[in-house]
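FYI, it's all coordinate maths here, none of it is from the lab. Fair warning: this is a prediction, and the values are worked out from it, not measured in the lab. Because the Cβ atoms are built from the backbone with ideal geometry, glycine has one as well, and the counts that use them run over all protein chains shown.
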Amino acid sequence: MREKATTLYLGPQHPGITGNMMVRLKVEGDTIVKATTEVGYLHRAFEKLQERRNWLQAFTLLCRFCVPEPDPVEESYARAVELLEGREVPERAKYIRVLMLELARMGAYMLWYGGQNGSLGLYTMGQWSVGDRNYILDLFEELTGGRVYHMYIWPGGVRRDLPEGFADKVLRTMDYFEKRLKDYDDLMFDNTIFQKRTQGIGIVPKEKAVEWGVVGPILRGCGIKSDIRIDDPYEVYDKLDFVVPTHEGGDIWSRALVRREEVRQSIRIIRQVIEKMPSGEIYNKIPNPHKWALPKGDAYARTEAVRGEVGMYIVSDGSTHPRRTHFRGAAYVHAITLLEKVLVGANVADVSAIMNSLGTCPPEIER
Amino acid sequence: MMKELKEHIIRRVKANFTEAEENNDFTYDRLDFTVKKEVVPSLLLFLKEEMGFKHLSHASCVDWLEEGELELVFILWSPKDKIKVFVRTRLDRDNPVMDNMDNIWPQLHTYEREFREMFGVQFTGLEAPDEFILEDWQGPPPFRRDFDTAAYAEKTFWHRPGREDAQDVRETIANRDGEDIPDFAKKYSR
Amino acid sequence: MINDKNSQKIVDIIQNWARKHSIWVLGYGTGCGAIEIPPTMTSRYDAERLGVRGAATPRQADVLLITGYLTTKTLKRVIRVYEQMQDPKYVIGFGSCTINGGMYYDSYNTIKVLDKYLPVDVYINGCMPRPEAVLSGFGQLQKRIAEGRADGAKQYKENLEWYRANQKKIIPNWVMPEYNW
Amino acid sequence: MEEVLYNVLGAIATFLVAFVVGMTYGGLNRKITARVQNRKGPPFYQNFIDTLKLASKKSAIHHGVMQHFGPAFLMVTSVMSLLIVPVLTHNQWFPNLNFHGDLIFLLYIMVFGPLGMALGAGQTGNPNSAIGITRGLSQMVGYEIPWVLALVALMIQYHTTSIVGLMAVQAQSGTWLMFSSPFAFIAAVMAMLGMFSYSPFDVVIAPAEIASGPASENGGKYLFTMMSSGSVFAFVKLTLYVDLFMGGADNIVILLVKTFALYMIPVLYSLTTVRYRTEQSIRWFWGWPSFFGLLAILQAVIF
């Protein structure tokens, strides 16, 4: 006899939900038979607002798209504008951008460490990693003036050159993180209960993954080597030496292993960037923003973020204001169509862990 | 190399879809095809199944108010050949109807729901609740160009005086009088 | 004895002292400001040493932290959550967008002034407010509680019609239980 | 007459001591947690402030009469088991109502609280409460097995079913039961991890999964009652373990030292582990802890 299905509302006010969204679960016993994502709690109509601003003013709204890691969004926009206009970026600015993106990636992964373990009940990890994330935010603050919102990577280059002694500080921070990551391994990855809770849970099928629009660490966790930094290289990633880790399995555990390795690769990239960074200009000056018109046409640029592929599609009608901007967030696919598929058959206890593992970030869904 | 690849793709597409207009002016890894809206599903399916464009990178809708048309853009990425293809089509702005395509890529379902809500594009055969992002929305589709968000916000929401101009905000706040907050609430709107 | 005015005052002082040093914040990240809450709660800034700690459900919480802009859809849920909280309860408006709309002043979907809809005890300005600012905001709230001036919930109850009228103007489809506690 | 008065006053004193000690332990738990997590942490008396604040909440909504049962039953359970467990040996200020067979009675009474909570949680109508209490009862089935096995082993080995009897055995032989029947001790300590329901066995409250479980709809005074009864119950459990396995305590200092040492086992373990799922938790309790319980029974039967 089948048990009667009950409906469980996970969110919008729920400590286990990642951000402000809701998942409606149809539950039989402990097993989910149907999951529906409901979003829209964070819809600010950014793209509509950007149409009312000029090309540079629109840029200031960008970092609010997804707060844990705003820099890839800025990077996508800047690159899309540069593609459309044909504007060259100085070599040094490219290196600084990569430095910025990788620092942001590390910061977001520190937040992920906290979220993934918080969803499983290991709060010590979150306290450590989110606390350590402050050291990265300190670097951001020194470089850009903001902890969370940087508005640093803008069309034509970057906004400010590295302060004196900044490179040393970055290297020292990297040394610190290399030491700390060993502690994280001891606490998290060597923990048998963590393995028991994550192995075989939230499986994304490998053969369907590309078709379903899965990107980023989640796709790499299925064993498919796909990284925009390698496939569609931007800035100076093709001159840097790093490995794209993959793991077979497609469950939370293999995604966690992929992310664990990626933090280490980020440290490696940052060290190389500091070493290879040339001197020179950092900014190819744009004209007066109020008179700065982009040629008619459209462009699409995409960047690898921690959640996967994020992209910015911009359309210009030849005026000083965007005709249309449209942001593509990885969570747009991961948190709706993918999450609804992955949650079917899962245990209620694992919903939060699965959501964290899929990198759900509601503000980039509804923008 | 990239040039040959692009020409190969154009040849294959033109062989099957004669009326597709290509745009091959880009210096980077990108190709554009403009087709009629009836052809879009079969072209997308052809690109996905035959040409290796497995990954739907993005889909977007642009409102060309002056021309009376809505433009749908699909951005496809081939993991094998490392190239992007844009498929674009135009819809009549007053009666935008399109075929439902979420059987090609499941994530198109989400995009279609968003376009239906934000631009009023009707997808025949799309099975989803009407509301996606907005709740109890009574105005026109908000992302259309003729919807003025600033005027709507001005009309609907209460604005705190003091930011109409770019003067010193502190002074404006200090000199603020004549606003219609009741006495008890003044304490909380300092 | 308890009706005696002086002893009531002493009871008030003790109760306010306890309320001041035990602030349970509802875990509801209503907007992008939620990103600075984890740093505030974790090791460097450690709000728990001030007695600030997270609460999982509205029934247990004392403070509703509105972390940033409220869309109309969220506003409905926030009102619901606020009315479920137990008296005495406080609201902290967090970020510029709760004060005057911030950078969303022309958005069709976000409210611009929070205190029209909910009684705000403390505003923290900035976008994004740093954890130090958040802690300072909690400090202000503590000061107000100790002085007995953090009576937003009382104002809300007394002027319910005014608040309701404002809320219903934004939320056309009002299907919610009436506020009765 | 005078004896009754002494007993009543003593009971009140015992309750106060249990409340204060339990609350302080809770605060120390938070402090130690904070230190492990690289932060300063709240003061050790933070839990007193929290309970005082909860008690001074002006309103406390309830969803029907049955909701009172949850906190009330929990409190009743705590107080009843407190009165049975001897706090100090040879001290008239801490009376206990022990009798022959009180161990068996205690086994029953410790289940009573969660059952009352189940009644209350059902009334609230919050699905998280219902799921939480189901999880709690399921997990109880898990840890009751090693716990009962350990106690039965003690009963068989020493031919007594009263706590005082077991304490007398330890006083006579001069060795603690944790040395003379180590398997029972190990099984009982493993069961204690479940009883405290700290991580990895915090499936009942599991914030990221089911908000705060049975307590979801309880605010203000209800939560106050639950927190206080939880503190008292923690003290009861620790004292019981000290009485059973560590020879009891002659004065309050020794009691505090012994109970705190025991308390550190679940606290420190909880800091480094991920939460189990309910079925994994039950499986764990039916694994090694039950095995040690069976060994304890074997030891009791053979020797």
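General observations
- Shielding of C:96-105 by partner chains, average beta-carbon count, 10 Å: 4
- Mean ellipticity per residue at 222 nm, deg cm²/dmol - from DSSP H runs of n ≥ 4 across chain D, formula -39500 (n - 2.57): -24500 deg cm²/dmol
- Nonlocal amide H pairs with residue A:346, under 5 Å, H built at 1.01 Å: A:32
- Mean ellipticity per residue at 222 nm, deg cm²/dmol - from DSSP H runs of n ≥ 4 across chain A, formula -39500 (n - 2.57): -13500 deg cm²/dmol
- Unit Cα scatterers, Debye sum, the protein assembly as shown: log10 I(q)/I(0) for q = 0.05 Å⁻¹: -0.35
- Listed from fewest to most Cβ neighbours within 10 Å, the set A:212, A:128, B:77 follows the order A:212, A:128, B:77.
- Near residue D:209: Cβ cut-off under 15 Å, other residues only, Lys/Arg at +1 and Asp/Glu at -1. The net charge is 0.
- Simple spin-label estimate for residue D:268 and residue B:144 in nanometres, 7 Å along Cα-Cβ: 6.9 nm
- Tensor-based shape of chain A (alpha-carbon gyration tensor, a/c under 1.5 rounded, otherwise prolate or oblate): oblate
- Once the Cα atoms are used to define both axes, helix D:252-270 deviates from the longest principal axis of chain D by about 60 degrees.
- Counting Cβ atoms of other protein chains within 10 Å of each Cβ in A:91-103 and taking the mean gives 0.
- Legend: mean number of C-beta atoms from other chains within 10 angstrom of residue C-beta atoms, peptide C:23-32, equals 6.
- Net length gained if the chain between residue B:128 and residue B:29 were fully extended (0.36 nm per residue, minus Cα distance): 32.1 nm
- log₁₀ of I(q)/I(0) at q = 0.25 Å⁻¹ - segment D:58-150, Debye sum with one point per alpha carbon: -1.22
- By other beta-carbon atoms within 10 Å, ranking B:160, C:149, A:97 with the fewest at the front produces C:149, B:160, A:97.
- Among the listed pairs A:34/A:206; C:76/C:143; A:296/B:6, those beyond 28 Å (Cα-Cα): C:76/C:143
- Long hydrophobic helices in chain C: the complete DSSP H runs spanning 15 Å or more by Cα along their own axis with mean Kyte-Doolittle hydropathy of at least -0.5 are C:131-146.
- Summed residue charge, Cβ within 12 Å of residue C:69's Cβ, Lys/Arg positive, Asp/Glu negative: +4
- Scoring A:178-191, D:248-261 by mean Cβ neighbours within 10 Å over their residues and listing the highest first yields D:248-261, A:178-191.
- Look at where the Cα atoms of segment D:205-265 and of segment D:126-141 average out, and the two centres are 19 Å apart.
- Furthest towards positive pole of dipole, A:59, A:157, A:198, structure part chain A, Cβ charges: A:59
- Residue D:104-residue D:20 FRET efficiency (beta carbon distance; Förster radius 35 Å; 0.05 resolution): 0.75
- Chain C, relative contact order [Cα under 8 Å, separation at least 6], %: 21 percent
- Neighbour-count ranking [beta-carbon atoms within 10 angstrom, fewest first] of B:132, B:33, D:105, C:94: D:105, B:132, B:33, C:94
- A simple count of charges around residue D:60, restricted to other residues whose Cβ falls under 10 Å of its Cβ and scoring Lys, Arg +1 and Asp, Glu -1, yields +3.
- Amide H to amide H, with H built 1.01 Å from N, residue B:55 comes under 5 Å of B:77, counting only residues 5 or more places away or on other chains.
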